[in-house]
Amino acid sequence: MAKVAIVGSGFIGRAWAISFARAGHDVRMWDQAPAAASSARDYIAGVLGDLAANDLLRGQAVDTVLGRITIVEELGEALADAVHVQENTPENLEVKRDVFSRIDALSGPQAVIASSTSALLPSRFTDHLEGRHRCLVVHPINPPYLIPAAEVVPAPWTSAETVERTRAFLVEAGHAPLVMKRELDGFIMNRLQGALLEEAFRLVADGYASVEDVDTGLRDGLALRWSFMGPFETIDLNAPGGVRDYVERYQAIYSNIFPQMLRRVDWAGEVMETIEAERRKHLPREELGERQVWRDRRLMALAAHKKKSDQEFGQ
């Protein structure tokens with residue numbers, strides 16, 4: 001059992017705590033606001049019951065997993081003997097630089113220091129550190145205890161050993177790491193998601209489709225395949241001769257479309273009036289919280305289904 005430090009106890013921090021505690025690690029959670037950390041542990045206690053009901057605790061009891069999560073009042077106490085540190089502070093460059101300076105000074109040399117940032121390149125907040133070779137980004141899709149993919153993004157000076165240790169640590173905890181060769185704005189997942197969102201906004205703004213049409217196309221169309229295989233495997237299986245055959249058959253379709261996709265629509269501009277009105281018609285603002293709980297329970301059911309399907313059909 002390894003010791004893991006969680007720095008910051010918001011949505012991402014408490015989700016990582018669940019994931020690492022479920023994997024058997026001793027998790028110590030610190031937040032500059034002690035009340036926030038205590039509240040996070042209460043939230044975790046409420047989630048673990050649903051996870052157990054869906055057989056997503058690796059056969060462990062709720063109390064066993066919860067018992068591995070400890071709230072500490074001092075950052076140094078959280079970092080003592082930790083082999084992995086997961087930082088989850090706000091998306092602010094100066095905050096990250098300051099927090100990483102403190103973590104680098106207080107943690108032992110054996111600790112990998114990872115940030116959950118979804119937008120900041122690791123080189124921008126680790127360049128000044130003596131231990132910058134052990135720093136990188138591990139960016140999840142929230143919540144990581146239900147969605148296994150996590151991006152491992154090295155800075156130019158991150159050591160190969162740090163990258164490999166992090167990859168192996170995540171795999172052991174049940175994650176599916178995406179190990180980038182070098183840093184890039186948006187990493188992998190936000191660039192893929194961004195490309196899809198750009199087209200979704202454009203289709204609505206130009207009057208070709210409603211918000212619900214676009215959501216239906218993903219929810220009841222593409223996402224059904226994408227829930228268990230990626231775009232390259234999808235096209236590899238969608239032509240008799242595989243991926244090369246697919247490209248020979250269909251590349252012309254996409255080369256024709258691509259020039260039409262180079263114009264940006266301002267997401268916060270006029271189109272937002274249409275999108276927000278359609279979304280609020282389907283889901284009133286006051287029901288957002290309830291729907292988020294519904295989303296997470298659906299994700300739990302999907303995770304349980306995928307686990308069963310992997311066992312039955314293979315990955």
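Just so you know, all these numbers are worked out from the coordinates, no wet-lab data involved. No experiment lies behind these values; they were computed from the predicted model shown. Heads up, the Cβs are rebuilt from the backbone with ideal geometry, glycines too, and the neighbour counts pull from every protein chain shown.
Among residues other than ASN238 whose Cβ falls under 11 Å from its Cβ, what is the net charge (Lys/Arg +1, Asp/Glu -1)? All intermediate terms of the calculation are to be shown ahead of the outcome.
Working: positive: ARG225, ARG249; negative: GLU233, ASP236, ASP245.
Around ASN238, the charge tally is -1.
Rounded to the nearest 20 debye, the dipole magnitude of the chain is 500 debye, with +1 charges on Lys and Arg beta carbons, -1 on Asp and Glu beta carbons, and the Cα centre as origin.
Could you order peptides 22-35, 188-201 by the average number of other Cβ atoms within 10 Å of their residues, highest first? Each step should come with its number before you reach the end.
On the way: 22-35: 18.9, 188-201: 14.4.
Ranking the peptides 22-35, 188-201 by packing returns 22-35, 188-201.
The distance linking segment 238-315 with segment 56-98 is 31 Å (Cα centroid to Cα centroid, whole angstrom). Each of the peptides 216-222, 110-116, 250-256 was scored by the mean count of other Cβ atoms within 10 Å over its residues; in descending order, highest first, they stand as 110-116, 216-222, 250-256.
Just check segment 3-179 against the gyration tensor rule for me: Cα atoms, a ≥ b ≥ c as the square roots of the eigenvalues, rounded for a/c under 1.5, and otherwise prolate or oblate depending on whether a/b exceeds b/c.
Numbers: a/c = 1.79, a/b = 1.41, b/c = 1.27.
Prolate.
Other residues within the sphere of radius under 14 Å centred on the Cβ of HIS133, judged by their own Cβ, net out at -2 (K and R +1, D and E -1). By the helix-only formula, in which each DSSP H run with n ≥ 4 contributes -39500 (n - 2.57) and the sum is divided by residues, the chain has a 222 nm mean residue ellipticity of -15500 deg cm²/dmol.
Which of rounded, prolate or oblate describes the chain when judged by the alpha-carbon gyration tensor and an a/c cut-off of 1.5?
Values: a/c = 1.59, a/b = 1.47, b/c = 1.08.
Prolate.
Sorting the segments 169-177, 226-234 by their residues' average number of neighbouring beta-carbon atoms within 10 angstrom, most packed first, yields 169-177, 226-234.
Under 1.5 on a/c is rounded, so check that first for segment 175-252, then, if it is not, pick prolate when a/b is larger than b/c and oblate when it is not; a ≥ b ≥ c are the square roots of the alpha carbon gyration tensor eigenvalues.
Working: a/c = 1.70, a/b = 1.14, b/c = 1.50.
Oblate, since a/c reaches 1.5 and b/c is not below a/b.
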